[in-house]
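Scroll down for the structure; my scribbles are underneath it.
The values are calculated or read from the model by the stated rules, or taken from the named source; none is laboratory data. Not measured: the values here are computed from a predicted model. As a convention, Cβ positions derive from the backbone with ideal geometry for all residues, glycine included, and neighbour counts pool all protein chains shown.
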Amino acid sequence: MSDQLQTVSDGGPARCAICGAEAAGPCARCHAPTCGDCSVLTEGGAKLWAICLRCERRGGRSLGGGWSVVGLWLVGILVALGLVVALIEVYGRH
């Protein structure tokens, strides 16, 4: 599915999935069409994204949770590499 507005079969503009008004664009999370009144802007990212009110109620408007997961992956990789280097150092001396 593309990140652009989808038109309905009668050729009219896309309608908001929440209130039925003319949609301004898709939600950045669920990709449902949403109007300006039924969307909020995200916080904590380098780029602003609009998410629908349903997605905001489910996960909030912050992108911090996603960045935390990325940070934990990077820390995990660094710890694993540190363990490999330590094992090589210990067993390499014998």
_Six or more apart or on different chains, Cβ atoms under 6 Å: show the pairs whose first residue is in the stretch 42-58 and surrounded by 16 or more Cβ atoms within 10 Å (Cβ to Cβ) and whose second is charged (D, E, K, R) and modelled with pLDDT of 80 or more._
Ile51/Arg29; Cys55/Arg29
*Within the stretch 34-48, track down each residue that is closer than 18 Å to Gly59 by Cα and either modelled with pLDDT of 85 or more or hydrophobic (A, V, I, L, M, F, W, C) (or both).*
Thr34, Cys38, Ser39, Val40, Leu41, Leu48
*Restricting attention to the stretch 14-35, report how many residues are crowded, with 18+ Cβ neighbours inside 10 Å and not small (Gly, Ala, Ser).*
7
